[in-house]
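The values are calculated or read from the model by the stated rules, or taken from the named source; none is laboratory data. As the structure is a prediction and not an experimental result, all values here were calculated from the model. Positions of Cβ are generated from backbone atoms using ideal geometry, with glycine treated the same way; all protein chains shown enter the neighbour counts. The protein model used for the area step is the full one, side chains on, heavy atoms only, and it has no ligands, DNA or RNA in it. Shrake-Rupley method; radii C 1.70, N 1.55, O 1.52, S 1.80 Å.
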Amino acid sequence: MNPLALIAEDEAAIAEILDRYLVREGFRTARAQDGQVALDLHAVLRPDIVLLDVMMPKLDGWAVLGEIRRRGATPVVMMTALDQDIDKLQGLRMGADDYVVKPFNPVEVVARVQAVLRRTAGMSPDRVIRLGRLEVDPTSYIVAVRSEGALKPLDLTLTEFRIIEFMARHPRRVFTRGELVDACLPGEEVLERTVDSHMSKLRHKLKTAGLGDVVSGVRGVGYRLDMH
């Protein structure tokens, strides 16, 4: 089945142009005119990629991106009229896969969408992630370790699950504490050092399950999952 793109854009003319160009390239499309509808459609339709405007009614793009990242790893391309480095950094830090600035060439946007889908192929939000003896099931919220042919589930909090799932999608990548806060604790008033507390408990549980020190701290940066 052709990939489904969710266009979250409150300006009808822009949404129509993107829709037309995406359909011409073989995409299926759905549209949302505000942030809440975008999240509702994301939950129901499970699109392959989201084109997400920053400035939208009800919920802005940052809030929508944060919730999408809590749910999984659906690729997201941010769209905004703000051509400032700080906005780009915020989007990428919160987990956006790419970023385009208005006014844009719709042909280029479609090319970016196709490139993101190629880069993230196989990283469906529903796919069970297997790294060595570790298995992470995003649908059932279960993390388990394979031992002597059997899977032994770990007793994790929701935050611990979000952290290990997020890191498992990008093994061996170093994540800053800020990135982990934005992706795993969005919308919550927490300090970056709070991540250290959650990480300490998660590392202990993984070690007790027999995986050893698979989560390592990188001095002055953050944390890395040393599995592949």
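Can you give the Rg and Dmax of the stretch 160-215 based on its C-alpha atoms, in angstrom?
11.2, 33
When the accessible area of the stretch 1-72 is computed with all protein chains present and a 1.4 Å probe, what percentage of it is carbon and sulfur?
Values: 1720 of 3360 Å².
In the stretch 1-72, the share of accessible area belonging to carbon and sulfur is 51 percent.
Using the heavy atoms of the protein chains alone and a 1.4 angstrom probe, what is the accessible area of the chain per residue in square angstrom?
Values: 11440 Å² over 228 residues.
Using a 1.4 Å probe on heavy atoms only, each residue of the chain averages 50 Å².
Over all alpha-carbon pairs of the chain, lay out the pair-distance distribution in 5 Å bins, whole %, shortest bin first.
With a bin width of 5 Å, the distribution comes to 1, 7, 14, 18, 18, 14, 11, 8, 5, 2, 1, 0.
Using only Cα atoms, tell me the angle between helix 61-71 and the longest principal axis of the chain; keep it within 0 to 90° and round to the nearest 10.
The two axes meet at around 40 degrees.
Mind pulling up the Rg/Rh value for the stretch 129-225? Radius of gyration and Kirkwood radius, both on Cα.
Working: Rg = 12.9 Å, Rh = 13.6 Å.
When Rh is taken as the Kirkwood radius, the ratio is 0.95.
Just from its helices, what would the mean residue ellipticity at 222 nm be for the chain, if runs of 4 or more DSSP H residues each count -39500 (n - 2.57) and the sum is divided by every residue, rounded to the nearest 500 deg cm²/dmol?
Values: 8 runs with 93 residues, N = 228.
About -12500 deg cm²/dmol.
For helix 193-208, report the angle its Cα long axis makes with the longest principal axis of the Cα atoms of the chain; keep it between 0 and 90° and round to the nearest 10°.
Roughly 50 degrees between the two axes.
So, in nm, how far is label Ser200 from label Arg118 when the simple model puts each one 7 Å beyond its Cα toward the Cβ?
4.6
All other residues with a Cβ under 12 Å from the Cβ of Gly210 taken together, and with Lys, Arg as +1 and Asp, Glu as -1, what is their net charge? Kindly include the intermediate steps, with their values, before the conclusion.
Details: positive: Arg133, Arg146, Lys152, Lys205, Lys207; negative: Glu148, Asp213.
Summing Lys and Arg as +1 and Asp and Glu as -1 gives +3.
Using bins 10 angstrom wide from zero, how does P(r) for the stretch 4-121 break down, in % of all Cα pairs?
15, 54, 31, 1
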